[in-house]
Each structure stands twice: as structure tokens, then as C-alpha cells.
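Structure record follows, encoded as C-alpha cells.
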Amino acid sequence: MNSPNILLAFNPRKAKPGEVIKVTLVVRHHMDHGLNLDIRGGFSLPDYIYDLQIYLGETLLSQFKLEGSVSSDPLLGFQMIAPDAPSSITVRYRDHAGERGEATFPLDVII
Amino acid sequence: MKRRKFLALSLKALGLSLAASQLPQLTLAQEGEASSLATTEEHADLMGPVRLEDVEDIKNLNIGLKRVLQKSYEDLEVSDVIRLEAPEYAENGDKVAVEIHVSLPLEEIKAIHLFTDRNPQPYMHVLSMTPEGLAKDPRLGELYLLTVIRLAEAAPIRAIVESQDGRLLASYKATNVGSGGCGAPA
């Protein structure tokens, strides 16, 4: 099931096989670095996405190791080559609170 | 005669005391003027770009480099194959956009790392990206990475490309910030 907090955009939306596509990805997450004082005057526990993987179909395209210095609602952009046939991009992440998110987005190509 | 002398002395004393009472006010006014000028100059400095050498913190950076890459600042090789784009001044240190372009054969890239010198420990390391499948497609000429990071204060942003043969190619950019993006001071 797709996590509603993962958003992804392709530019261009439809590409020819072999064309470069810019992919922009946003995960809605507070990315708490644990340096803010809580109500008792102590530091809160860090809770941020530390591992994020991007798949084209079943192939691992790229892996990100993130730290608390990445802004809240992390935005990641990268580029890839449009595949020869329609496929999909899957994003999977894990955070310190044990939450896992996953979302799959269809990737159209002009054939 | 005595009365006239007394009056003259009294008037002189009054004049002196009046002048003395005005002195501190004048001094304070001049100081105030000077301090307001200094504040304006400082303000201009705060809003403008910063020089890399003024905001470097190699000791703090080395802690991050050692933890993530088991290397130090001396192992970094500045290279023009990396194009790092970041603002010279960011109003909000909580959201600083950074773009990295790497024009190196992709199969030679093991990972891209992003560091900044002055974030509190352990957040000198911002992120690492391994291109995996991206690097296997020779048609992709340039590796591109966009992200938005937090800066606690004015600091260098350092993009480091780890090559398959173990070299650390780097590019630096100093960014000034209006308000820091971390909860605690560095």
C-alpha cells in the first residue's frame, strides 16, 4: 500500500526511452534531529529518516543514508534514464521510530 | 567687594557644574552614534556572503569525516568535476537548497557525501548517496543530486565524491545564514 506522505514527480512526465528524466521526491516527515529541548528541559529522541531506497521496477537505483541535517519534509532530486518500456519507481524508507514507508509510482514512456 | 567676588565665584562654579553634567550626555550620544554605525556595518556583514576560510571548522569536520569515511580533511582533493550550487546567503538555515553535479564516468563513482563544518555533532555529515543502478547506465552522462539541508550557522558546504579507487574528490561553498536551522548551538 502506498504511503500518503511520499510524493514524486517526473520531469518530463512522459519520456522517450533513453531520455534523461529528472525525478524529484518529497517525504513528509518531521526529521527531528533530537537537539530541541522537550517540555522537561531535556533533549528529545532523534527521529528522522536514516535510510531511503529507490527502485526502478525491482532494480535498486539509488540508496540514501540521511542524517538529522536534512531538512524536515526531505526533498531529494536525481536524474535517471527512461527505460525502454513502462515501469515503476518505488521509494522505501525507514526512520528511528521504526516507521517504514513505501510508495510506487508508474513511470510512462513514449513508445 | 567680598560680595562681588563671592557672586563671581558662584557663577563660575555653576557654569563648571553645568558643563560637567552635559559631558556624560555628550559622550553617551557620541557612543550611541558610533554603536549604531557599528550595528549597521555588522548587519551588512551578517546579510552578505562569507569567505570560506572565515567559517571553516576543520576540527569539527574531521570528526564527521573520520566517523563516516575513516578519513580526514587532508585526504580531500579539490576537483572541478564536481559543481556544487548553494546560496551565498540563506535567510532560513532550516531550508538551504544544495545541488551537486558530478561529471565523472558514473561507474567510477562509489558514493556522494555531503558535509558541513559547523553543525552540532554528529550532524556535520548530512547525507550519503550511492548511485547503484544509476551508475550502471552509461547513457546518463552526469550524476545530479538535489537536496535541502539544515545549517546551524554560516558554514562551508562540502560535496565529496568517493571514487571506486578510494579517492575523495571535493568541492566547497561557503553559505551564510540569517537564522540557524538546528535546535541547539554548535
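What follows draws every value from the coordinates through simple rules; no lab data is involved. Everything numeric here is computed off the predicted structure, so don't read it as measured data. Cβ atoms come from the backbone with ideal geometry, glycine included; neighbour counts cover every protein chain shown.
Taken one residue at a time, the phi angles of the stretch B:131-137 give Karplus couplings (6.51, -1.76, 1.60, θ = phi - 60°) of x, 6, x, 4, 6, 7, 9 Hz. Gly and Pro are set to x.
Site pair A:HIS30 and B:ARG139 shows an inter-label distance of 4.4 nm when each label is modelled 7 Å from Cα along Cα→Cβ. Each of B:SER171, B:SER163, B:SER103 was scored by other Cβ atoms within 10 Å of its Cβ. Listed from fewest to most, they are B:SER103, B:SER163, B:SER171.
Whole-Hz Karplus values for the stretch B:144-151 come out as 10, 9, 10, 8, 10, 10, 9, 10 Hz, taken residue by residue from phi with 6.51 cos²θ - 1.76 cosθ + 1.60 and θ = phi - 60°; glycine and proline positions read x. Given A:LEU8, A:ALA103, A:TYR93, which one lies farthest toward the positive end of the charge dipole of chain A, if we put +1 on the Cβ of every Lys and Arg and -1 on the Cβ of every Asp and Glu? It is A:LEU8, whose Cα lies furthest towards the positive end.
For the pairs A:LYS16/B:LYS173; A:LYS14/B:LYS173; A:LYS16/B:LYS95; B:LYS59/B:LYS95; A:LYS22/B:LYS59, flag any whose C-alpha to C-alpha distance is greater than 28 Å. Beyond 28 Å between Cα atoms: A:LYS16/B:LYS173; A:LYS14/B:LYS173; A:LYS16/B:LYS95; A:LYS22/B:LYS59. Calculate the length of the line joining the C-alpha centroid of the stretch A:34-111 to that of the stretch B:142-160, in whole Å. Taking the Cα centre of each part, the stretch A:34-111 and the stretch B:142-160 sit 17 Å apart. Cβ-to-Cβ counts within 10 Å put A:ILE54, A:ILE111, A:ILE21 in ascending order as A:ILE111, A:ILE21, A:ILE54, the fewest first. Computed packing ranks the peptides B:54-65, B:126-137, A:37-48, B:73-84 as B:126-137, B:54-65, B:73-84, A:37-48, most packed first, by mean other Cβ atoms within 10 Å. Between A:GLU19 and B:LYS95, the C-beta separation translates, for a Förster distance of 30 Å, into a calculated FRET efficiency of about 0.45.
Once the chain from B:GLU108 to B:ARG83 is taken as fully extended at 0.36 nm per residue, the excess over their C-alpha distance is 7.3 nm. Taking other Cβ atoms within 10 Å as a rough exposure proxy, B:ASP117, A:ASP73, B:ASP165, A:ASP32 sort from fewest to most as B:ASP165, A:ASP73, A:ASP32, B:ASP117. Could you tell me which of rounded, prolate or oblate describes chain A, using a ≥ b ≥ c as the square roots of the eigenvalues of the alpha-carbon gyration tensor, with rounded for a/c under 1.5 and, failing that, prolate when a/b is larger than b/c and oblate otherwise? Because a/c hits 1.5 or more and a/b exceeds b/c, chain A counts as prolate.
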